[in-house]
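Worksheet: the structure to be examined is printed underneath.
The values are calculated or read from the model by the stated rules, or taken from the named source; none is laboratory data. Only a predicted model underlies this, so the values are computations on that prediction, with no experimental measurement involved. All Cβ positions, glycine included, derive from the backbone under ideal geometry; neighbour counts span all protein chains shown. Just so you know, the surface numbers come from the protein's heavy atoms only, side chains and all, with ligands and any DNA or RNA stripped out. Shrake-Rupley method; radii C 1.70, N 1.55, O 1.52, S 1.80 Å.
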Amino acid sequence: MNTTEKLLPETYTALSDLRKNDVYLPEMNQEQIISAFFPATFPELVGRLSEITGLFYGGMLKQAGVLYGDDAITKLSDAFMHDLGTKIVMRNKAQYPNLPQSISSLAKILVGTIFTSSPEYSFEFVELSDKKAEVLIKGIDRYHRIAYRLQIADQLEWPVLKPFIQGTCDAMGLDVNIIMDVKELKDDSSCFYQLIVEQNK
């Protein structure tokens with residue numbers, strides 16, 4: 001490892017293959033720019049990516065409200081989340097074509113989504129079978145955080161993830177009843193949700 005590499009953040013070194021095609025002008029201090037602006041740790045990197053995701057979501061809804069009225073905020077959020085859930089399932093089906101269409105498989109997809117897309121959440125399985133799943137979700141709701149900041153939280157029904165869950169179930173062809181209750185949701189966006197997905201009888 002050369003001296004320059006030692007001065008760069010560990011995250012940049014690990015992800016350097018993604019940045020190998022960047023070209024700086026000779027008068028630019030590449031090391032100083034990277035050290036100042038590239039996230040220094042992986043938790044910081046993941047946190048920033050999650051923040052950007054929240055900003056896209058909140059900014060889109062805010063502008064929908066400005067252009068088309070408050071009713072558009074809820075409609076767009078629900079449609080977006082449902083479509084996102086559908087696409088997540090399609091991606092997983094492409095990667096795991098033999099994944100059974102069951103509540104147990106749905107649980108695995110939800111865990112994978114938290115791993116890759118919702119790092120602020122932690123989960124606790126209370127019950128899991130092919131007929132029923134009960135999961136407790138805790139952490140920081142990034143969607144609430146940006147909605148609260150943009151003063152549109154009151155126009156949304158919480159948690160906004162329920163249409164996402166519905167989208168995943170629809171895409172998997174599951175005939176289920178979905179209950180997603182808010183046990184706690186504070187102004188700082190700390191949350192505690194209970195999710196129950198149960199096969200209809």
Is there any pair with a first residue in region 28-53 that is over 14 Å from Leu8 (Cβ atoms) and a second that is charged (D, E, K, R) and in a helix (DSSP H, G or I) whose Cβ atoms are under 6 Å apart and which are 6 or more apart or on different chains, and what are they?
Ser50/Arg142
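Yes/no matrix, rows are residues, columns are (1) over 30 Å from Asp70 (Cβ atoms); (2) open to solvent by 30 Å² or more (accessible area, probe 1.4 Å); (3) of a type outside the set (A, V, I, L, M, F, W, C):
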| site | (1), (2), (3) |
| --- | --- |
| Lys108 | yes, yes, yes |
| Ile137 | no, no, no |
| Arg142 | no, no, yes |
| Arg145 | no, yes, yes |
Can you name the number of the only condition in (1) more than 21 Å from Ile103 (Cα to Cα); (2) free of Cβ contacts under 8 Å to residues at least 60 places away in the same chain; (3) of a type outside the set (Phe, Trp, Tyr) that Val126 fails?
(1)
Region 113-135, residues that are within 19 Å of Gln166 (Cα to Cα), at pLDDT below 95 and open to solvent by 30 Å² or more (accessible area, probe 1.4 Å):
Ser117, Ser129, Asp130, Lys131
Out of (1) at pLDDT 95 or above; (2) over 21 Å from Leu61 (Cβ atoms); (3) open to solvent by 40 Å² or more (accessible area, probe 1.4 Å), the one Gln166 does not meet is (2)
Options Pro26, Pro97, Pro9; residue that is farther than 25 Å from Glu198 by Cα and open to solvent by 80 Å² or more (accessible area, probe 1.4 Å):
Pro26
Gly54 being out of contact with any strand residue (DSSP E or B) (no Cβ under 6 Å at 6 or more places or on another chain), modelled with pLDDT of 95 or more and of a type outside the set (A, V, I, L, M):
no
Would you be able to say whether some residue in region 170-187 is of a type outside the set (A, V, I, L, M, F, W, C), closer than 17 Å to Ser50 by Cα and either surrounded by fewer than 16 Cβ atoms within 10 Å (Cβ to Cβ) or touching a Lys or Arg at 6+ places or on another chain (Cβ under 9 Å) (or both)?
no
Hey, among Thr86, Thr74, which residue is closer than 26 Å to Gln199 by Cα, in a helix (DSSP H, G or I), among the β-branched types (Val, Ile, Thr) and modelled with pLDDT of 95 or more?
Thr86
